[in-house]
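Here is the structure we will look at, set down as structure tokens.
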């Protein structure tokens, strides 16, 4: 059962509590799940497909977003803390201060990850330190921790009446509590973050039966796969060296490294891509994440008034044809505007729109260059998915800047497809074969580079120069106009309290 494959999606609001705090309502998450399932079943009925034939439901989710709930009442103990939330910066600093040489990569040999606000363990540590309800539930043995998949599966399988508390390896590997080599929760990591192991979900493979939906009319089994891993599976990147890039709020490029966990020397993450069966080997990936991709377009709309809708940016950028020396470095978080320099008096909103799209492509190029160096195997073609891939100009720019073909499947929501494939291939379901010779033929659109490599390298070099100029702007020196800065901060804080995002 795959809602996106059947053409229905239900978004839910993202609560910007302050400039740096981003949360989601766990109950609204479940409401969106129920509505999505209901509407999908309606569509299946319209197609004369008997919903009693549904054998499996695949769940895919934001990986690092963190929840804690009460297993006795079934109530969330706090809102879900979203992956891009920055409130834990002081927690990260405190943790790094206790590592030898203040090394943020101190745990990377076990986790594949740097100590960062991005990952679940520091979000959970913040909840334990700052939310009394969470702390008391842990002390009384009532607390359950999980990423979004764990919450959804627990609710769908019965909740407080016997719900299954589990996660899969792709989600567990983003917590910083999971050893990606032993494929289990690590006692040493849990001691480092001072997290009690009894609140953690059981870790399963990405393709096995976790439990059964209690509210369905038939016996549908449940499975899960983290969103970016699901996209990798949906793009059928099963061979070592294959890669996909998902263009959404952020940008996430994953490259399959097979059964070997390759540690990056160039700032990339090492993550568990998937484990497609209890007795199957785990496969790993190198990952590079761009925090701001589709969010750039929203920023142009909400803060600059340059576009009135997300679709308008393609028309504006196409009207310019080039950025004319305007480089957009999205070095901002939340609603903070980035610093940039307009060096040409004839730069207009068309050029700014073009530069914003180029910024996504340049950052992807930086990640791919690092992956090629770490893996030693140059990529020859990039497979892409996600909402932004409907922008044809963006896809052409990406091919030009990478100097390689970019391939977009006609059905761009491959994350949902990957979750459905993993669910259908599980032992006991067996309605989908993942053998290379049995994989479905997916129609696609290929974008070939239309500029020569010299021009591409020149533009990329200018981008890197712009990035260097944008770095190190923050300073501990007092602002020369502190009153004006305080007014700006107050204005932004007031604005974020009244705005939500899909």
- Has the range 453-463 got any residue that is outside any helix (DSSP H, G or I) and more than 25 Å from residue 254 (Cβ to Cβ)? no
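Go through the range 267-296 residue by residue and tally those that are in a loop (DSSP other than H, G, I, E, B) and either farther than 30 Å from residue 356 by Cβ or free of Cβ contacts under 8 Å to residues at least 24 places away in the same chain (or both).
First pass over the range 267-296, keeping only residues in a loop (DSSP other than H, G, I, E, B): 267-268, 275-282, 291-293.
Checking which are either farther than 30 Å from residue 356 by Cβ or free of Cβ contacts under 8 Å to residues at least 24 places away in the same chain (or both) leaves us with 275-282.
Total meeting the criteria: 8.
If only one of 280, 260 is touching a strand residue (DSSP E or B) at 6+ places or on another chain (Cβ under 8 Å), within 24 Å of residue 113 (Cβ to Cβ) and modelled with pLDDT of 90 or more, which one is it?
On the way: 280 fails: touching a strand residue (DSSP E or B) at 6+ places or on another chain (Cβ under 8 Å).
Exactly one residue qualifies, and that residue is 260.
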- Query: Hey, does the range 92-105 have a residue that's in contact with a helix residue (DSSP H, G or I) (Cβ under 9 Å, 6 or more places away or on another chain), surrounded by 21 or more Cβ atoms within 10 Å (Cβ to Cβ) and part of a loop (DSSP other than H, G, I, E, B)?
  - Reply: no
- Message: Condition first: modelled with pLDDT under 95, surrounded by fewer than 18 Cβ atoms within 10 Å (Cβ to Cβ), on the phi > 0 side of the Ramachandran plot and assigned by the TED database to the domain that holds residue 317. Can you find one or more residues in the range 375-388 that meet it?
- Response: yes
- Message: The conditions are (1) touching a helix residue (DSSP H, G or I) at 6+ places or on another chain (Cβ under 9 Å); (2) modelled with pLDDT under 95; (3) buried (at least 19 other Cβ atoms within 10 Å of the Cβ), and residue 402 fails exactly one of them. Which is it?
- Response: (2)
- Which pairs have Cβ atoms under 6 Å, sit 6 or more apart or on different chains, and link a residue in the range 448-460 that is outside the structural domain of residue 358 (by the TED database) and over 20 Å from residue 327 (Cα atoms) to one that is modelled with pLDDT under 95 and in a helix (DSSP H, G or I)? none
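Could you identify the single residue in 117, 65 that is buried (at least 17 other Cβ atoms within 10 Å of the Cβ) and touching a strand residue (DSSP E or B) at 6+ places or on another chain (Cβ under 8 Å)? Explain how you work it out, then say what you get.
Details: 117 fails: touching a strand residue (DSSP E or B) at 6+ places or on another chain (Cβ under 8 Å).
Testing whether each residue is buried (at least 17 other Cβ atoms within 10 Å of the Cβ) and touching a strand residue (DSSP E or B) at 6+ places or on another chain (Cβ under 8 Å) leaves just 65.
Go over the candidates 114, 100 one by one and state the one that is under 21 Å from the mean Cα position of the chain (by Cα), modelled with pLDDT under 95 and outside the structural domain of residue 248 (by the TED database). First the steps, then the outcome.
On the way: 100 fails: under 21 Å from the mean Cα position of the chain (by Cα).
From the options 114, 100, the qualifying one is 114.
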- Message: Looking only at residues that are in contact (Cβ under 8 Å) with a residue 24 or more places away in the chain, part of a helix (DSSP H, G or I) and in contact with a helix residue (DSSP H, G or I) (Cβ under 7 Å, 6 or more places away or on another chain) in the range 42-77, which one is farthest from residue 223 (Cα to Cα)?
- Response: 44
- Query: Given the structure, is residue 108 surrounded by fewer than 24 Cβ atoms within 10 Å (Cβ to Cβ) and more than 14 Å from residue 76 (Cα to Cα)?
  - Reply: yes
- What about residue 134, is it more than 27 Å from residue 95 (Cα to Cα), in contact with a helix residue (DSSP H, G or I) (Cβ under 9 Å, 6 or more places away or on another chain), assigned by the TED database to the domain that holds residue 197 and at pLDDT 95 or above? no
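Restricting attention to the range 443-452, report how many residues are part of a loop (DSSP other than H, G, I, E, B) and modelled with pLDDT of 95 or more. If you could, list the steps in order and put the result at the bottom.
First pass over the range 443-452, keeping only residues part of a loop (DSSP other than H, G, I, E, B): 443, 448-452.
Checking the rest, the ones that are also modelled with pLDDT of 95 or more come to 448-450.
Looking only at that region, the number is 3.
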- Mind telling me which of the residues 391, 372 ends up being assigned by the TED database to the domain that holds residue 271, free of Cβ contacts under 8 Å to residues at least 60 places away in the same chain, more than 19 Å from residue 452 (Cβ to Cβ) and surrounded by fewer than 23 Cβ atoms within 10 Å (Cβ to Cβ)? 372
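The values are calculated or read from the model by the stated rules, or taken from the named source; none is laboratory data. These numbers come from a predicted model, not from an experiment. In this analysis, Cβ positions are derived from the backbone assuming ideal geometry, glycine residues included, and neighbour counts consider all displayed protein chains.
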